[in-house]
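Okay, structure first, notes after.
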Amino acid sequence: MPLVQLQTNLPASVFSEDFLLKFSGCLAASLGKPADRMNLAVTPALPLLVAGSCSPCVMLTVSAIGATDTADKNKEHSANIFDFLTSQLSLSEDRIIVQFNELQPHQVGKKRTVMTFL
């Protein structure tokens, strides 16, 4: 059950339902998770600074159980994410930053319990 948060200074109009579905699908494929387990939140129009500039940018946090626990996995995820975001948002690679967080099943709650018991 990946939790993905995209923060950006781009306007909300850029993030259509089609974008959300395509990006969620890209993430699901990269992380090896079913599309119906993906959770994606976009917070647009923020005052953001990345690499010393307020030019259009994205800060992305990807948190998942068992999919973001090695440098090799995250290198592959990073390449997939950058390919998608640079093509879809017309951003250069230096305007995107990604943070990967490995979650443990006891850290994610769902259906009145935690993923450990589901």
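The values are calculated or read from the model by the stated rules, or taken from the named source; none is laboratory data. The shown structure was predicted, so the numbers you read here are calculated from the model rather than taken from an experiment. Positions of Cβ are generated from backbone atoms using ideal geometry, with glycine treated the same way; all protein chains shown enter the neighbour counts. In case anyone asks, the SASA skips ligands and DNA or RNA and just uses the protein heavy atoms, side chains included. Shrake-Rupley method; radii C 1.70, N 1.55, O 1.52, S 1.80 Å.
Pairs meeting the criteria (first residue in segment 39-55 and touching a residue at least 12 places away in the same chain (Cβ under 8 Å) and in a loop (DSSP other than H, G, I, E, B), second residue of a type in the set (S, T, N, Q) and open to solvent by 50 Å² or more (accessible area, probe 1.4 Å), beta carbons under 6 Å, at least 6 apart or on different chains) are Leu46/Gln7.
This table checks each residue for (1) more than 17 Å from Leu91 (Cα to Cα); (2) open to solvent by 50 Å² or more (accessible area, probe 1.4 Å).
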residue	(1), (2)
Leu21	yes, yes
Gly25	yes, no
Ser30	yes, no
Arg37	yes, yes
Pro44	no, no
Pro56	no, yes
Leu60	no, no
Ile65	yes, no
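Look at segment 70-96: where a residue is in contact (Cβ under 8 Å) with a residue 24 or more places away in the chain and in a helix (DSSP H, G or I) and a partner is aliphatic (A, V, I, L, M) and open to solvent by 40 Å² or more (accessible area, probe 1.4 Å), sitting 6+ places away or on another chain with Cβ atoms under 8 Å, you get Asn80/Ala29; Leu89/Val14; Asp94/Ala51; Arg95/Ala51.
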